Amino acid sequence: MQSLFDKFILCTCIIIIYASCRDTPAQSVAKETATIDNIPHRIPDSTRPEWLAKAYNQVIFVEQKDIAELSGNYLLDIPLAENPDATYVFYLNERVPLSQFQNPLSFYPFIRQFILIVPDGRYNQDLPDTFETGVCAEPLIAHYYYRITRHTDKIQIDSAYLAGDAEPNIAYAKPSIPADMMVVYRRESYGSRCCPKDPMWDLIGEYPVFIDQFEKKYKVKITGTYTQMEGLEGEHTTWYTLPDLTTEQRLRFIVEKRAQWIDKREEVKIRFEPQIFTPELIVIQGNKTKR
């Protein structure tokens, strides 16, 4: 009996500590540098904010197989038709630095607004294993919600922390790829050969060398490369679809090709920041040539 009473007292203390450590809900966050690993605990907000709908029927579930990481860079390998006027919702169950979602050139750059749903899986991990008597209620399941809006001159982040009835109802849906579009992981564009000359033409001879070295080093084959002519002076764009690579191999190709394909005159000034790469969908046209 004494043991049961002690456990009851311990449980009560834990609840009091949780309540006393409550954070003030942040409705607009100027700088969000937390990661899923170190978001501080707080008591869930009692009501759902106005910017969060009651239900979402097209939530994109991000699984472990959809993500690769290399030197702080990530590839979220989910092709998505980006509509600037739509709000997309992602259920993010993987550890990705939330600060990287603030980069306007990162993570589906043509999307103006999206919502991240991040489960707080640690909420039920903090209760000790001694609570086996049923004295305490089951641990709360809660989620962080982030609405990220990309304005012309700034990034706005609204946040909420909800549980239970305050949370919206969600239904998952896998994005479809239109039949007239192809999935592209990287593009490289060349301007005119002259008048004035695009300095990127100085790199044209490096292409076969890079591809050959990459294939030999990682024992892969780079296929599905397309070129589209766009002008009378050699202007063209090269698209890499990388169909035979894994998500991890695609990310490695993207990162290493980015480092190789730079204007050598600006090399000392260029510093690549880690980012979240995402594939893009390109309309298939008849004037593309394949390598």
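The values are calculated or read from the model by the stated rules, or taken from the named source; none is laboratory data. Worth saying up front: this structure is predicted, and the values here are computed from it rather than measured. Using ideal geometry, Cβ is built from the backbone for each residue, glycine included, and neighbour counts are taken over all protein chains shown.
Taking the listed residues D165, D202, D158, D212, the one that is in a helix (DSSP H, G or I), at negative phi and in the same structural domain as V62 (by the TED database) is D165, with no other qualifying.
Find the residue count for the stretch 168-195, including only residues that are assigned to a strand (DSSP E or B) and closer than 25 Å to D120 by Cβ. Give the derivation first.
Here is the first cut: in the stretch 168-195, the residues assigned to a strand (DSSP E or B) are 169-172, 181-184, 186-190.
Okay, now just the ones that are also closer than 25 Å to D120 by Cβ, so 169-172.
Total meeting the criteria: 4.
Can you pull out every residue in the stretch 248-263 that is crowded, with 18+ Cβ neighbours inside 10 Å and among the β-branched types (V, I, T)?
Correct list: I254, V255.
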